[in-house]
Amino acid sequence: EGGDWYMIVGFGIESANVQKGAVLLYKSVDLRTWKYVKPLFSGNPEADDSGIFWEMPVFWKLNGKYILLVNKVPQPGKPAVAMYWVGAFANDTFVPDDPRPQKLEAVNRLLSPSVCMDQQGRTVAIAIIPDETSAEAQLKQGWTHVYSIPRTWELKNNRIAQQPHPQLETIRGQETTLGPKVLLPSDTLLISAGKKQVEIEVVAKPGKASSMTLT
């Protein structure tokens with residue numbers, strides 16, 4: 001940025017007896033000699049629930065805006081969560097448009113995304129989906145967690161909009177089509193029996209129903 005190289009490190013600080021997550025900023029002109037500048041940004045856990053320590057930060061420029069994404073470490077009763085702010089970067093300082101962070105995902109706690117740019121200039125991310133098994137079960141099975149599918153990022157209304165990467169279409173298998181089905185409130189329609197990974201496109205006409213569920 002501006003002829004300089006920057007590096008960020010996830011950290012935790014204590015201010016006025018309050019522990020908070022922070023991102024430390026380092027600067028270099030040659031990628032060899034680094035100088036600590038200052039905290040790029042720090043949280044306000046009493047107001048934004050951003051935790052006491054941040055890991056695996058990402059600082060990414062997209063559509064002229066800057067995304068600062070961090071992973072707050074788990075605390076008792078509070079799981080690790082990836083959260084981000086969108087804002088500006090000037091005078092070696094990140095200034096968010098909104099001090100309240102947004103979660104990267106609300107359901108499967110997508111963590112620690114690795115972000116890059118593909119040959120078409122699209123921002124691409126792939127991240128960890130943590131499993132919910134115990135440490136003992138992880139040790140027994142010899143592995144833990146899985147990677148997400150790669151997805152593209154866009155900024156829409158100052159939020160990260162994610163889509164499966166278009167290249168995934170090249171690994172699609174045989175298409176199966178189910179004709180129209182009429183379901184009563186007590187009915188269940190099994191779509192993907194025996195399949196471990198499936199891409200589903202559903203057109204639903206709810207009629208008088210107030211809701212439907214896909215699991």
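The values are calculated or read from the model by the stated rules, or taken from the named source; none is laboratory data. This one's a predicted model, so the numbers in the text were calculated from it and none came from an experiment. As a convention, Cβ positions derive from the backbone with ideal geometry for all residues, glycine included, and neighbour counts pool all protein chains shown. Areas reflect the complete protein model, heavy atoms only, side chains present, ligands, DNA and RNA absent. Shrake-Rupley method; radii C 1.70, N 1.55, O 1.52, S 1.80 Å.
Just want the answer: with Cβ charges of +1 for Lys and Arg and -1 for Asp and Glu, which residue in 50, 77, 3 is farthest toward the dipole's positive end in region 1-105?
3
Please list 92, 49 from largest to smallest accessible area, probe radius 1.4 Å, with all protein chains kept in place.
Ranked list, largest accessible area first: 49, 92.
Loop-only GluC sites (Glu not before Pro) in region 49-147, please: DSSP not H, G, I, E or B, and at most 13 other Cβ atoms within 10 Å.
On the way: sites: 55, 105, 132, 136; in loops: 105, 132.
Of the GluC sites (Glu not before Pro), the ones in loops of region 49-147 whose Cβ has at most 13 other Cβ atoms within 10 Å are 132.
Just how large is the dipole of region 143-193 about the Cα centre, in debye to the nearest 20, putting +1 at every Lys and Arg Cβ and -1 at every Asp and Glu Cβ? Numbers along the way, then the final one.
Working: 5 positive and 4 negative charges, 36 e Å.
The calculation lands at about 180 debye.
From a point 7 Å beyond the Cα of residue 135 in the direction of its Cβ, which residues of region 58-89 have a backbone N at a distance under 20 Å?
Counting only backbone N, you get 72-81.
For a protection proxy built on the mean count of beta-carbon atoms within 10 angstrom, sort 60-73, 16-29 highest first, please. Write out the running numbers ahead of the final one.
Details: 60-73: 18.6, 16-29: 15.9.
Result, highest mean first: 60-73, 16-29.
Below 8 Å, C-alpha to C-alpha, sequence gap of six or more: please give me the relative contact order for the chain in percent. Display every interim value, and only then the final one.
Details: 354 pairs, mean separation 21.7, N = 215.
So the answer I get is 10 percent.
Could you check how much of the accessible area of the chain is carbon and sulfur, as a whole percent, using a 1.4 Å probe?
About 53 percent, which is the carbon plus sulfur part of the accessible surface.
Could you identify which residue out of 48, 30, 131 has the top mean-square fluctuation in a GNM of the chain using Cα springs shorter than 10 Å?
30
When the chain is modelled as a GNM with alpha-carbon springs shorter than 10 Å, which of 175, 14, 46 fluctuates the most?
Highest fluctuation of the listed residues: 175.
What nm value, rounded to one decimal, do you get for the distance between residue 203 and residue 126 when each label is placed 7 Å out toward the C-beta?
The answer from the label model is 3.4 nm.
Over the chain, with the other protein chains present, what is the accessible area per residue in square angstrom, probe 1.4 angstrom?
On the way: 15130 Å² over 215 residues.
Solvent-accessible surface per residue comes out at 70 Å².
Please get the size of the charge dipole for region 62-141, origin at its Cα centre, with Cβ charges of +1 on Lys and Arg and -1 on Asp and Glu, quoted in debye to the nearest 20.
Values: 8 positive and 8 negative charges, 20 e Å.
Around 100 debye, computed over region 62-141.
Could you report the accessible area of residue 42 in Å², rounded to 10, computed with a 1.4 Å probe on the protein chains as they sit in the structure?
Rounded to the nearest 10, that gives 50 Å².
About the Cα centre, and with charges only on the beta carbon of Lys, Arg (+1) and Asp, Glu (-1), how big is the dipole of the chain? Nearest 20 debye, please.
On the way: 23 positive and 22 negative charges, 50 e Å.
Magnitude of the dipole: close to 240 debye.
Tell me whether region 1-123 comes out rounded, prolate or oblate; compute the Cα gyration tensor, take square roots of the eigenvalues as a ≥ b ≥ c, and use a/c under 1.5 as the rounded threshold.
Working: a/c = 1.80, a/b = 1.25, b/c = 1.44.
Here region 1-123 falls in the oblate category.
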